[in-house]
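K.L.:
Below are the structure tokens for one structure; questions will follow.
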Amino acid sequence: MKLFLVVVLAFILPLIGAQVPHWGPCPEPAVQQAFNLKQFMGRWFEISKLPAQFEKGQCIETNFTLKMDNSIRVVSSEILKSELRKIEGTGVIEDMKNPAKLGISYSYVLPYSPYWILSTDYVNSALVYSCTDILRLFHVDFAWILGRTRTLPDATLEKAMEIFAKNNIDVSRMIPSRQKDCNKTV
């Protein structure tokens, strides 16, 4: 049991260091109704985010491709210290009755992390939320505003913040992502 706790803490502590833990379990936000996975596929640029230790660069984008086995190839990239860095992962639909609840893993040894599509119009923007409970005592969460282009109108960003707030997701620490001078792509 002690070994298990050490392993769990070794995995969780880096996440907590980057995030502000919140007391209690994760919120259960409403996700996109009648979500169409095929329409969601393609290239998305990170417009705003809750700070995350694993995202330190600029020009962050992710490309989603549906695979023959209905899993999703996920390729994320960023420019960090003038170097293009990429990471490839796998996405799956966690609940077939609720296809907007995806899980993504960037390592075969780690479990799938929630990647829930709260809202999307498929052609302009998407709101994504991820949360991990720690023994149901507290949780750490991530939130992103994504766009099909590197910028979105202020009205779209304001509406996104309202949707997060309506779902009890604290985005007061959300910061804009740097999407300027992005000459290297996924």
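The values are calculated or read from the model by the stated rules, or taken from the named source; none is laboratory data. This one's a predicted model, so the numbers in the text were calculated from it and none came from an experiment. Here the Cβ positions follow ideal geometry from the backbone for every residue, glycine too, while neighbour counts run over all protein chains shown. In case anyone asks, the SASA skips ligands and DNA or RNA and just uses the protein heavy atoms, side chains included. Shrake-Rupley method; radii C 1.70, N 1.55, O 1.52, S 1.80 Å.
K.L.:
Mind checking which residues of region 103-113 are touching a residue at least 60 places away in the same chain (Cβ under 8 Å) and not in a loop (DSSP other than H, G, I, E, B)?
P.N.:
Once the filter is applied, which keeps residues that are touching a residue at least 60 places away in the same chain (Cβ under 8 Å) and not in a loop (DSSP other than H, G, I, E, B), region 103-113 yields nothing.
K.L.:
Which residues, counting only those in region 49-58, are at pLDDT below 80 and not polar (S, T, N, Q)?
P.N.:
Passing the criteria: Ala52, Phe54, Glu55.
For every residue, the table says whether it meets (1) surrounded by 16 or more Cβ atoms within 10 Å (Cβ to Cβ); (2) within 16 Å of the chain's Cα centre (by Cα); (3) aromatic (Phe, Trp, Tyr).
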{"site": "Pro99", "(1), (2), (3)": "yes, yes, no"}
{"site": "Ser107", "(1), (2), (3)": "no, yes, no"}
{"site": "Val140", "(1), (2), (3)": "yes, yes, no"}
{"site": "Ala160", "(1), (2), (3)": "yes, yes, no"}
{"site": "Ala165", "(1), (2), (3)": "no, no, no"}
{"site": "Met174", "(1), (2), (3)": "yes, yes, no"}
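K.L.:
Still on this structure, please answer the following. Answer yes if at least one residue in region 71-83 is open to solvent by less than 40 Å² (accessible area, probe 1.4 Å) and in contact with a helix residue (DSSP H, G or I) (Cβ under 7 Å, 6 or more places away or on another chain), and no otherwise.
P.N.:
Checking region 71-83: not a single residue is open to solvent by less than 40 Å² (accessible area, probe 1.4 Å) and in contact with a helix residue (DSSP H, G or I) (Cβ under 7 Å, 6 or more places away or on another chain).
K.L.:
It is to be established whether one or more residues within region 115-138 are among the hydroxyl-bearing types (Ser, Thr, Tyr) and either open to solvent by 50 Å² or more (accessible area, probe 1.4 Å) or over 24 Å from Ala30 (Cβ atoms) (or both). Steps first, please.
P.N.:
If we filter region 115-138 for residues that are among the hydroxyl-bearing types (Ser, Thr, Tyr), which is where we start, we get 115, 119-120, 122, 125, 129-130, 132.
After this cut, where a residue has to be either open to solvent by 50 Å² or more (accessible area, probe 1.4 Å) or over 24 Å from Ala30 (Cβ atoms) (or both) as well, the list is none.
Taking every residue of region 115-138 in turn, none turns out to be among the hydroxyl-bearing types (Ser, Thr, Tyr) and either open to solvent by 50 Å² or more (accessible area, probe 1.4 Å) or over 24 Å from Ala30 (Cβ atoms) (or both).
K.L.:
Identify the residue in region 1-48 that is in a helix (DSSP H, G or I) and modelled with pLDDT of 80 or more and, among all such residues, is surrounded by the fewest Cβ atoms within 10 Å (Cβ to Cβ).
P.N.:
Taking the candidates together, the pick is Lys38.
K.L.:
May I pose another question? Could you tell me which numbered condition Ile169 fails, if it satisfies all but one of (1) farther than 22 Å from Gly57 by Cα; (2) part of a loop (DSSP other than H, G, I, E, B); (3) of a type in the set (A, V, I, L, M); (4) open to solvent by 20 Å² or more (accessible area, probe 1.4 Å)?
P.N.:
For Ile169, the failing item is (4).
K.L.:
For region 121-151, which residues satisfy the criterion of being out of contact with any helix residue (DSSP H, G or I) (no Cβ under 9 Å at 6 or more places or on another chain), closer than 10 Å to Ile47 by Cα and assigned to a strand (DSSP E or B)?
P.N.:
Result: Trp144, Leu146.
K.L.:
Here's a check for you: in region 67-102, which residue that is assigned to a loop (DSSP other than H, G, I, E, B) and hydrophobic (A, V, I, L, M, F, W, C) is farthest from Cys182 (Cα to Cα)? Reasoning before the result, please.
P.N.:
Applying the first criterion (assigned to a loop (DSSP other than H, G, I, E, B)) to region 67-102 yields 67-71, 81-82, 94-100.
With hydrophobic (A, V, I, L, M, F, W, C) added as a condition, the list becomes 68, 96, 100.
On the way: Met68: 31, Met96: 36, Ala100: 29 Å.
The residue in question is Met96.
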